[in-house]
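Data first, discussion second: the structure below is written as structure tokens.
FYI, it's all coordinate maths here, none of it is from the lab. Bear in mind the structure is a predicted one, so any value in this text is a computation, not a measurement. Cβ placement follows ideal geometry from the backbone for every residue including glycine, while neighbour counts extend to all protein chains displayed.
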């Protein structure tokens, strides 16, 4: 997902949200990678938010300390930038070719919306028996 967040320095993309994680590649300054989700990780300079992103064929984490995002609590990341928390209900993380990812996301979103409509329809049709008093 594209977010209006750009790196403010060359930053290591790692396989885990900490500086012990293996460096997969370096994201250059000024780049806005494809954001999947965010998670809490190692605190770097007072910032514990790490983004899971796709960049140049790699999927990994970088610390938000090295970008231009602005938030006072981690939960604001989702509300302000539309990036879900990793592992949150309904989170879909897809990696690979960006055109394929977009098509897959649209398909998954369509399936999710159809499923929600079915659930609403089922909920609307469920009525307690007349002999039950609530």
When the chain is fully extended, how far beyond the present Cα-Cα distance does residue 23 get from residue 6, taking 0.36 nm per residue of separation? 4.2 nm
Rounded, prolate or oblate for segment 1-93? Axes are the square roots of the Cα gyration tensor eigenvalues, ordered a ≥ b ≥ c, and the cut-off for rounded is a/c under 1.5. rounded
Taking a ≥ b ≥ c as the square roots of the eigenvalues of the Cα gyration tensor, with a/c under 1.5 meaning rounded and otherwise prolate when a/b exceeds b/c and oblate if not, segment 33-84 is oblate
FRET E, pair residue 48, residue 112, Förster distance 35 Å, beta-carbon r, rounded to 0.05: 0.75
